[in-house]
Structure formats: C-alpha cells, structure tokens
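Below is one structure, written out as structure tokens; comments come after it.
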Amino acid sequence: MPGVRKGDQVLIKEINRIHVLDQLRLHGPLSRAAIAERTGLSFSAVVNITEYLMAEGLVSEAGPGTSSGGRKPVLLKFNPKAACAVGIKVGKGDIDFCVSDLDLSIERRLRVPFDPKIAPDQLRRLLIDGVSEVLVGRRRPLAGVGGAVAVFLQGRVYLQNASSLLPPVA
C-alpha cells in the first residue's frame, strides 16, 4: 500500500518518544521509574529516550522527587516552549492563522479576508504569506503546521453523512 510506513526500529523509537512525551505532558513532572511504569517501557529505554528528549530541549529536570527509601529520584517535565506550531483554518470568507506553543497556548493570531472564488494558486500564496506573517519574530523551531477547511452545505443537511437532503436550485 503506497504511503504506509513499515514498522521498523526507527518508527518504534519515534512511537516510544511520543509515549514518554505524552506522559510528561499530561502527568508530569515524573521520575524515569514512573515513566517506565506508566508506559511499560524498560527503565533503560526510558533513560535513553529522556536523554534524547533533553538534548532536543523538549524535556528538562524539574528537581528532586520524594524518596521511597533510596535516593531521591530526579523529576522530569515537558517543555512546551521548546518549539511552536501553526494552525490554519480556511473559512467561508477568511483564513485564520495562529501560532502556539506545544501546550497549544495561542501566542499570536492573524485573520486574512479572501474571496472564496479565487484560483488555487492565489489561495496557496495567501496560505504561504499568512504562515510567514504569523511566524515573524519567532525563534523557536517549528514543530508542524495543521489546517482545517470549513465546509458549508446549503439546504437541509442529513447529519449522518453530512449530505444535503434538499439542495438549493441553482
């Protein structure tokens, strides 16, 4: 099947990094042992993953945790300011752009009006210019760009499959 990625070792590492980041993002700060317990990964795998994530700036030490008899564990936390993300929503007559940190706290918004009947290459140019504009002055790496297109159906709409039951007569 074209476009389907094989489950190789690199993909497994990426998935495990995502699991560790999710635990820290949703439940952190956590010790490495707590991450291993929550994810089912081995302690040594968690150590390797967290070292990588710390080198990337996505994770940092939060200080010592409470001891359960031995030495105090080092708590780790997710760093939402390590990168930024751009969101785009194409509406009926405008395009909304926003840039956020990795916790999705919006830092900047931009709305650009447009004629929905413009040519695709003009829309592409508006999208590129809007992303460039909303990122002006940002120094963090860009983690990704996501988008949504609003679809407007006229007449009565059947909610099961979002089809128009009584389309207007043209």
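FYI, it's all coordinate maths here, none of it is from the lab. Bear in mind that the values here come from a model prediction, so they are computed numbers and not experimental data. So basically every Cβ, Gly included, is an ideal-geometry build from the backbone, and we count neighbours across all protein chains shown.
The stretch between residue 109 and residue 77, if pulled fully straight at 0.36 nm per residue, gains 8.8 nm over its current Cα-Cα span. Once backbone amide H atoms are built at 1.01 Å from N, residue 107 has 99, 100, 101 as its partners under 5 Å, excluding neighbours fewer than 5 places away on the same chain.
Under 5 Å from the amide H of residue 59 lie the amide H atoms of 54, 79, each residue being 5 or more positions distant or on a separate chain, with H modelled from the backbone and absent for Pro and chain starts.
Each helix, a run of at least 4 DSSP H residues, gives -39500 (n - 2.57); summed and divided by the residues of the chain, these come to -10500 deg cm²/dmol at 222 nm. Computed about its Cα centre, the charge dipole of the chain is approximately 100 debye, with only Lys, Arg, Asp and Glu carrying charge at their Cβ. In the set (1) 9, 34, 37, 17, 3; (2) 8, 25, 23, 22, 14, 6, 1, 0; (3) 9, 33, 29, 20, 9, 1, the label that goes with P(r) over Cα pairs in 10 Å bins from 0, in percent computed for this structure is (2). Mind running the shape call on the range 1-99? Use the C-alpha gyration tensor, a ≥ b ≥ c as the square roots of the eigenvalues: rounded below 1.5 for a/c, prolate if a/b tops b/c, oblate otherwise. Taking the square roots of the gyration eigenvalues as a ≥ b ≥ c, the range 1-99 is oblate. Distance between the modelled labels on residue 14 and residue 42, one decimal in nanometres: 2.4 nm (7 Å Cα→Cβ projection).
Dipole of the chain computed with +1 at Lys/Arg Cβ and -1 at Asp/Glu Cβ about the Cα centre; of 83, 41, 131, farthest Cα towards the positive end is 41.
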